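This report concerns only the one structure given below.
All of the numbers you see were taken from the coordinates with simple rules; none came from a lab. Just so it is clear, the model here is predicted, and its values are computed rather than measured. For neighbour counting, all protein chains shown are included, and Cβ atoms are generated from backbone atoms with ideal geometry for every residue, glycine included.
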Amino acid sequence: MTVALEFKHVCGDKENARLDVLFIHGLTGDSSGTWSAGDTKELWPKWLCEKFPSINIYTVGYPSSIFERWAKKEMDIHERANNIIEQLASCGIGQHPIAFVAHSLGGILAKEIMRACNESGDDGWSSISNQIKLAAFMATPHKGVAVAATVKIIAPRIASKFINLLSNDNGYLTSLNHSYRDLAEANGIATVSYYEKFKTNNSILVVSKDSADPGVGKTRPVGIDADHIDICKPRNREALIYISLCRHIEKALESCPASMTGDDDSFGLDDYSQASDTDRRTLLQKLIDAGREHEYQNANDLQSKFARKYHKLGLYTDAKQKNDAVLSAVEQRFITHVFNAKICNGANDDQIATALQNNVIDPIANNAEFGLPSPSAVLQALYFLTEQCYIQWDKP
C-alpha cells in the first residue's frame, strides 16, 4: 500500500514524447499493482509504449486507505490534488500534451487536479490544464456510488474521508462533474468512460452505468466484463479495455504536434506527402516507359486508395509516421532488391515480379513493426511512391 506520494516514469522518451499519459489508481490501489495485467502481472501500461513509441507513461501513487485509522494522516482530496499538481509541474509535466487514465477514486482525483489547474494563476499549473487532450475513466463514480453508502450504513466509524466522499451526500461529486464537463467542452478534452458488469465479491455492483456517465458531449459509457477491481487489469492485449484505450490514445495523438529532435538537418523519415523532384513523370508515363502500360488502371486505383487514407492523417500523427515507415521500407527494398538488382540488369518481368514478392511485399506484410499491412496495402504504397516520384520502373 502506498504511504506517500509516488510519481514514476514507466517508459518513453521524456524529452521528445508527443503525449504524456498519467495513470492514477483508486481506493487501496498503488502505482504498480493496480495496473497489473491478468495472470502475468505485467505492468500493462508498458504495452502502450511498445504500440506508441512517441508517448511517455507515468504512474501516480498516493495513500488511499479505506479504514479510518489509516486515513487519519491522509490529505483531503483538495490537498492531495494540489500536492500532485506541484509534483507534476516540478517534473516538467505540461510541456507536452497530456492524457489521464484513472481507476475509481483516481478519476475523481484526476478531475480535481484538472479543476485546480484550470483555476490556478500559476503558469506551471495552468500549462497542465491547457495541455490535457484525453481523460479515460475506468469505473469512476461521477454521480455517487453504492458501496460508499453501504459502508457508511453498515460500518460508519471505519469509513475514511475518501469513502465518505464517494457517497455524494454533500453534493461534491455533482459540483466536480459540472466543473469537468465545462472544462472538457471548453478545451476540447476527449472523454471515455468504462463501467463494470460483474459484482465485486459477487455481492455488489460498485459503479453502475448511470454513475459512470460523466455527461460530457457524445460520451457513452462502455460496459466491461469485469468487476470493480479487475476492470483496470486487462487479461491480454486483445482485451477490450486495452484496445479501446489504444484507439482513444491514437485519436488524441492526432492533435499532438510532432516531436522535434536534433537540428533541422537531422536525419529522419522523408515526408512522402510531398512529391520528389528527382523524376517528375506521371505514374502513367513511368509505366509506359517501362513497358508496363497494361498495369496502369490497377496501379492508379491502388495508389489512389493509399493517397486518400494517407492525406486524411494530417501532418503530425502516429498513424502517418507508421505509414511513412512503411513507405520508407518499401522504397529502400524496391530500390535495392528490384530496381538496382533486377531492372538495371535487364531482368524479365517474371524475375522482377519474383523479386518484388520475395524482397518487398512479403517481408513488409509479415513484419509486426509495420502493423502487419496486407500485401495489397504494400502494393498501394509501392504505386503511391511511383506517383510521388520516389521510384521508377524503367532502366536509366
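Phi angles of the stretch 93-107 translate, via the Karplus equation with coefficients 6.51, -1.76, 1.60 and θ = phi - 60°, into HN-Hα couplings of 5, x, 7, 10, x, 10, 10, 9, 10, 9, 10, 6, 4, x, x Hz per residue; Gly and Pro are given as x. Each peptide in 16-24, 214-222 gets a packing score, the mean of other Cβ atoms within 10 Å over its residues, and the list from highest to lowest is 16-24, 214-222. Every pair of different Cα atoms in the stretch 6-253 enters the Kirkwood calculation, which places the hydrodynamic radius at 17.9 Å.
Our coupling estimate for the stretch 340-345, obtained by passing each phi through the Karplus curve with A = 6.51, B = -1.76, C = 1.60 and θ = phi - 60°, is 5, 7, 10, 4, 5, 9 Hz, Gly and Pro reported as x. Distance between the modelled labels on S127 and D210, one decimal in nanometres: 4.4 nm (7 Å Cα→Cβ projection). Less than 5 angstrom separates the built amide H of F7 from those of G61, all sequence-distant by 5 or more or on a different chain.
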